[in-house]
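Some notes on the structure that comes next.
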Amino acid sequence: MSKLEELIQELCPNGVEYRRIADVTVVGRGKRVVREQLSQSEGYPVYQNSLTIMGYHFESNYPAGTSFVIGAGAAGEVGYSDERFWAADDCFPVVGNDILLDRYIYHNLMWKKDFLMSRVRKASVPRLSRSVIENLIIPVPPLPVQQEIVRILDSFTELTAELTAELTARKKQYEYYRNELLKFSNATQWKTLGDIGKISMCKRIMKDETNTEGGIGRNDYAKL
């Protein structure tokens, strides 16, 4: 039995309560700033209508460890800040309390991300209503259970980041060697593909001429 299973069996053997996010957190709204108030390098990061930092402000209006949902532009995207930050007016911070861990809130918002994206109004500027976030229903287990869930999910998040970095490095390595191996001197004779082989156009077939098992299509048997 895993540690999580043991905690659930000990602390909530009869299940956990599900609550509206608005009943167990505060879904706020950021405060507008203009670009003239921002620095490009000094101060606290500012999030407006995407997960890309808009700039830096000399003040912060939310503490480190706060999750947020973008409400316009990249509406529905879920973020989390490890440092104090300024939430601008198209950013909805979600602040927990003594019964919900901040990081647990983040993982629940990520769990509900597809639903949030489905509720984005597709206008000239995509928008998500704060009420959609407030009405999300999430499980509220005891804090030790939340801590173990966060530990597990953060481990997977870290592993995913490592694998992504490794794949990116391998892709760059492949591109480097491909370019080096296929680069020849000017004395090399170059030809078009048409000069060295036949380029044919594929032939269209209908769906009823295919099968789901692979192999040779039924119309090809007559040619054998």
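Points worth noting:
- Heavy-atom surface analysis with a 1.4 Å probe gives the range 26-179 a carbon and sulfur content of 53 percent of its accessible area.
- Potential extension, Glu42-Met206 segment - 0.36 nm per residue separation minus Cα distance: 52.9 nm
- Selected from Gly96, Gly79, Gly15 as most flexible by GNM, with the chain as the system and alpha-carbon contacts under 10 Å: Gly15
- Within the chain, helix-based [θ] at 222 nm, where runs of 4 or more DSSP H residues each add -39,500 (n - 2.57), nearest 500: -10500 deg cm²/dmol
- Over the chain, relative contact order from alpha-carbon pairs under 8 Å, at least 6 apart, %: 19
- Largest GNM mean-square fluctuation across Met110, Met206, Met54, computed for the chain with C-alpha springs under 10 Å, falls on Met206.
- Over all projection directions, the Cα-based convex hull of the range 109-179 averages an area of 8.0 nm².
- Rounded to whole numbers, the Karplus 3J(HN,Hα) couplings from phi for the range 18-26 are 9, 10, 5, 4, 5, 8, 10, 9, 10 Hz, using 6.51 cos²θ - 1.76 cosθ + 1.60 with θ = phi - 60°, and x at Gly and Pro.
- Computed from the Cβ-Cβ distance with R0 of 45 Å, the FRET efficiency linking Gln173 to Asn14 stands at 0.25.
- The range 1-93: Rg to Rh, with Rh as the Kirkwood radius over Cα pairs: 1.17
- Shape analysis of the chain yields a ratio of the Cα radius of gyration to the Kirkwood radius, Rg/Rh, of 1.18.
- Note that the chain presents 70 Å² accessible area per residue, ligands and nucleic acids not counted, probe 1.4 Å.
The values are calculated or read from the model by the stated rules, or taken from the named source; none is laboratory data. Just so you know, these numbers come straight off a predicted model, no measurement behind them. Neighbour counts are summed over all protein chains in view; Cβ atoms, including those assigned to glycine, are modelled from backbone coordinates with ideal geometry. Each accessible area value is taken on the protein alone, full model and side chains, heavy atoms only, with ligands, DNA and RNA left out. Shrake-Rupley method; radii C 1.70, N 1.55, O 1.52, S 1.80 Å.
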